[in-house]
Amino acid sequence: MKYTAEQNYGHDRQAKLGILVTNLGTPDAPTAAALKPYLAEFLWDPRIVEPPPPRAVWWMILHGIILNLRPKAKAHDYQTIWGKFGDGSPLLDITNAQAAGIRQRLNEAFPNSPIEVAVAMRYGNPSMAAGLDELRQKGCERLLVLPLYPQYAAATTGSTWDALADALKVWRRVPDVRFVSHYHKHTGYIQALANSVREYWDAYGKPDKLLMSFHGIPQRYLDNGDSYHCECHATGRLLAEALDLSKDEYIVSFQSLFGREEWIKPYTDATIKSLPAQGVKNLHVICPGFSADCLETVEEIDEENRGYFMESGGESYHYIPALNSRDDHLDALTDVIKQHAQGWVETEGFNATEDEAERLAIKERARAMGCPF
């Protein structure tokens, strides 16, 4: 194995804290050609499609059937949302805005500290390896990774850890690493969700029911010990409590099914179709597990499921946007980072003058030993 190193390293270069903000990923363009490699990477991940299919069999299904059909179908869906939150992919545009907001808040909280913030996607670009290397080349020796998944799932947070480990295992010098596995009960996160709902209700009125839709996972994953289902319900309960909702005023459901096996229930689409017959004519939907609006919220929830509700006899349907780059959301994410970065010099009274003097002394000692850099 070939190990890689930081370029242009010098003994007087400043050691920094790097914050890597990550999310799921996106194709480079809303085209079938761009979707094919993105879906190939996504669907080949064993965290996404676990056994029972033998890997060789799954490879033939994936490359022989799925990747010849699905990219073209999904390209149309991406075209409907492309550019809605910036110039390109909503998920990437919003994640970049979130990273910029986090960077600003960290600079304000620790004005003299050497802290860098970068973005990476688990699938697609910028890749995990590229985001990590960006921080390495800036001299980051301490690394905090924040996957923007409030609730832990092996298919999302666990997969991000896999990609992190794969990238770091070829580094000659491995940094100190801290990893945020979840923040589903974080007070600031729950408060930001509640604020977004109250603001929406101030503008549009309170609905007959609030549906909290989370991304689904196969029932098999839950049966094998995944904590995702429990963490989604914990978030739902805390949000309901913050909004002073009774059990009859909200529902937790799960969306975005894929394949034929059973997934955790209740299913969002089936639930939405059934509500008008139960007397729910005015429905609001929020997706607390999505830190940024994307295909699954804008196209699936705000468009496709809106149609299901209205066709089933509903009268008023509203999607409450994801937290995206709201100030209270960015405050919460920054607080999560602060909590996990405790004890590192950059967050504990960093002294720039002392740091510079120490670096110069190290360089002089290195030169005295014959080191040219």
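Laboratory data are not the source of any read-out in this text; all were calculated from the coordinates shown. For clarity, every value in this text was computed on a predicted model and none was experimentally measured. Backbone-built Cβ (ideal geometry, glycine too); neighbour counts: all protein chains shown.
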Practice task
At a Cα cut-off below 18 Å, give the aspartates and glutamates reachable from Lys138, other chains included and same-chain residues fewer than 8 away excluded.
Solution key: Glu6, Asp12, Glu116, Asp176, Glu346, Asp355, Glu356
Practice task
Return the long-range amide H neighbours of Lys206 (sequence gap of 5 or more, or a different chain), with a cut-off of under 5 Å between placed amide H atoms.
Solution key: none
Problem - Candidates Arg172, Arg122, Arg103, ranked by Gaussian network fluctuation over the chain, Cα under 10 Å, top entry - result: Arg172
Problem - lysines with Cα under 17 Å of Lys206, excluding same-chain neighbours fewer than 8 positions away - result: Lys247, Lys281
Handout entry: the chain: angle of helix 67-81 to the longest principal axis, Cα-based, in degrees nearest 10
Key = 90 degrees
Problem - Two-site label geometry, Tyr9 and Arg359: point separation in nm, points 7 Å out along Cα→Cβ - result: 1.6 nm
Fill in the blank from the handout: Applied in sequence order to region 346-354, the curve 6.51 cos²θ - 1.76 cosθ + 1.60 (Karplus, θ = phi - 60°) yields integer Hz couplings, x standing for Gly and Pro, of 5, 10, 10, x, 4, 10, 5, 5, 5
Exercise for the section: Quickly work out the Ala270-to-Glu199 label distance, labels modelled 7 Å from Cα along the C-beta direction, and quote it in nm with one decimal. Expected result: 3.5 nm
Fill in the blank from the handout: Sorted by chain and then number, the residues having a modelled amide H within less than 5 Å of the amide H of Thr4, at least 5 places away or on another chain, are Trp171, Arg172
Problem - Angle between the chain longest axis and helix 32-44 axis [Cα atoms, degrees, rounded to 10] - result: 80 degrees
Fill in the blank from the handout: Quick note on Ile286, Ile61, ordering by fewest other C-beta atoms within 10 Å, gives Ile61, Ile286
Handout entry: Sequence ranges 160-167, 265-272, ranked by mean other-Cβ count within 10 angstrom, highest first
Key = 265-272, 160-167
Practice task
Enumerate the calculated ³J(HN,Hα) couplings along region 272-286 in order (Karplus 6.51 cos²θ - 1.76 cosθ + 1.60, θ = phi - 60°), each rounded to whole Hz, writing x wherever the residue is Gly or Pro.
Solution key: 4, 5, 8, 5, x, 5, 8, x, 8, 9, 10, 10, 10, 10, 10
Fill in the blank from the handout: Quick shape check on region 187-320: root eigenvalues a ≥ b ≥ c of the Cα gyration tensor, a/c under 1.5 is rounded, otherwise prolate if a/b tops b/c, else oblate, and it reads oblate
Problem - Helix-only [θ]222 nm of the chain, DSSP H runs n ≥ 4, -39500 (n - 2.57) each, per residue, nearest 500 - result: -13000 deg cm²/dmol
Problem - Fully extended contour minus Cα-Cα distance, from Phe258 to Ile61, at 0.36 nm per residue - result: 69.5 nm
Fill in the blank from the handout: Given backbone amide H placed at 1.01 Å from N, residues whose amide H is under 5 Å from that of Phe214, ignoring those fewer than 5 places away on the same chain, are Ser253, Phe254, Gln255
Completion exercise
Whole-Hz Karplus couplings 3J(HN,Hα) for region 356-373, θ = phi - 60° and coefficients 6.51, -1.76, 1.60, Gly and Pro as x, run 5, 4, 5, 5, 5, 5, 4, 5, 5, 5, 5, 5, 5, 8, x, 7, x, 10
Handout entry: Restricting region 1-35 to trypsin sites (Lys or Arg not before Pro) in coil, as DSSP defines it, with at most 16 other Cβ within 10 Å
Key = Lys2, Arg13
Problem - Degrees between helix 90-109 axis and first principal axis of the chain (Cα, 0 to 90, nearest 10) - result: 50 degrees
